[in-house]
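First comes the structure, then the notes that go with it.
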Amino acid sequence: MKKIIFLFIVLIFSAQSFCQATYYTITGKVIDKASTTPLGAASVFAQNTTFGVATDADGNFKLKIPNGGYELIITFTGYETENIRISQATAAENLLIGLKKREKSLEEVSVVASNEVKDGWLKYGQFFTENFIGKTEFSKQTVIKNPEALKFFYSKKRNRLKVLSGDPLTVANDALGYTIRFAIDSFTYEYNTGANQFIGYPLFEEMQGSAAQQLVWQQNRRRAYQGSQLHFMRSLYNKKLADEGFEVQFLVKYNGDESTIPLKNVNGALNYTKDDSTNTVEFKPNQPDLVVFYLMAKPEQGYFEYDPKAKKDYQVSTLTVATGESIIIEQNGYYFDQAALTTNGYWAFKKVGDMLPYDYVPTPL
């Protein structure tokens, strides 16, 4: 199977705990770090949500977001992207955020070291789309609107493809009813291992449509949510894994063989603890590799091309927590450190074409 790490970087759960969410406000000012000049029209948004604003002429902003944790992303053309972890427990007013100008020398080094590919979209466009957007039913209705923003670099020495974007990438998902703007740091694919890594910061915008179209989007979003990693994290947070259709087992590897161990006490095996002062949950499993079964839905047909040996009656994914690390979950399903968690199996099959924002709330049909 292929590994994928999404750092960004996204229906039946305890709705009472999330649907009644209240809001908190982040305010601040964005400036040039060197000159302290205010940066007007800078983009400030909670990544992987529908909440974002632009700074005014004096660089000021005010952003109201639902309770939970997020990465606050600040972008401005010609400057390095800044990200700040926020939550209602650590909400701050009058943040002063300095952006550094992007060094041209770094880009030049990247070009020399990796060799930019002429006509990269023609050569790698389909490959990139399949590994970024995906090959699912919903991904087939998802389109990159400005592929000309992408630059492709290939390193023969490392046998690695790297994709960069000078401008935010615009993605239209007609299946879920979202337009997504991605501030992309990089996308890499390692041909030797089949592993890929995407580092980017998405901002969602709801599409406008007729009542009939809105109903289709609502149904599709529910399908995308059920069994997803977002669904899992919220269910774990609320201690409702079994109620929501999830089963977790340890994956043990020994002498090249793999076996699973059922868990009698899931919360104990995961060392689940909740901090009421910050409204966060921390887990640090006794074994680093977990198998997550979602028993309420079958894999979609296209997954069997990805993994011909996959189980047909339920979805199977794996989680690997980096050695010595723990994962902290906010009430909206956001978790960190995202770099400490690697997914495989069915969740790795689901990419941008099935992504939902962190502020997504399932509604009754």
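What shape does segment 207-364 have by the C-alpha gyration tensor, where a ≥ b ≥ c are the square roots of the eigenvalues, rounded means a/c under 1.5, and otherwise prolate means a/b greater than b/c and oblate the rest? It comes out oblate by the Cα gyration axes.
Loop-resident trypsin sites (Lys or Arg not before Pro) (DSSP state other than H, G, I, E or B) in segment 106-215 with no more than 15 further Cβ atoms inside 10 Å of their Cβ: LYS118, LYS145, LYS156, LYS157, ARG158. For a 28 Å ceiling on Cα separation, which of these pairs sit above it: LYS100/LYS284; LYS240/LYS351; LYS312/LYS350; LYS33/LYS350; LYS135/LYS312; LYS135/LYS309? Over 28 Å Cα-Cα: LYS100/LYS284; LYS33/LYS350.
Measure off, as a whole percent, the carbon and sulfur share of the 1.4 Å-probe accessible area of segment 45-91, all protein chains present.
Values: 820 of 1850 Å².
The computed percentage sits at 45.
What percentage of the solvent-accessible surface of segment 172-295, computed with a 1.4 Å probe over protein heavy atoms, is contributed by carbon and sulfur atoms?
Values: 2650 of 5870 Å².
Of all accessible area on segment 172-295, carbon and sulfur atoms account for 45 percent.
Per residue, how much accessible surface does the chain expose to a 1.4 Å probe? Answer in Å², no decimals. Write out the running numbers ahead of the final one.
Numbers: 17850 Å² over 365 residues.
Per residue, the chain has 49 Å² of solvent-accessible surface.
Applying a DSSP loop filter and a limit of 16 other Cβ atoms within 10 Å to the trypsin sites (Lys or Arg not before Pro) in segment 208-269 leaves LYS239, LYS240, LYS264. When you filter the chymotrypsin sites (Phe, Trp or Tyr not before Pro) in segment 177-256 for DSSP loop state and at most 13 other Cβ atoms inside 10 Å of their Cβ, you are left with TYR191.
Once you sort the root eigenvalues of the Cα gyration tensor of segment 293-354 as a ≥ b ≥ c, which label holds: rounded (a/c under 1.5), prolate (a/b larger than b/c) or oblate (the other case)? Numbers along the way, then the final one.
Working: a/c = 2.24, a/b = 1.93, b/c = 1.16.
It comes out prolate by the Cα gyration axes.
Across segment 99-211, Cα-Cα distances exceeding 24 Å account for 29% of all pairs.
The values are calculated or read from the model by the stated rules, or taken from the named source; none is laboratory data. All values reported here derive from a predicted model rather than from experimental measurement. Glycine also receives a Cβ, built like all others from the backbone with ideal geometry; neighbour counts cover every protein chain displayed. Accessible surface is based on the protein model in full, side chains and every heavy atom, while ligands, DNA and RNA are left aside. Shrake-Rupley method; radii C 1.70, N 1.55, O 1.52, S 1.80 Å.
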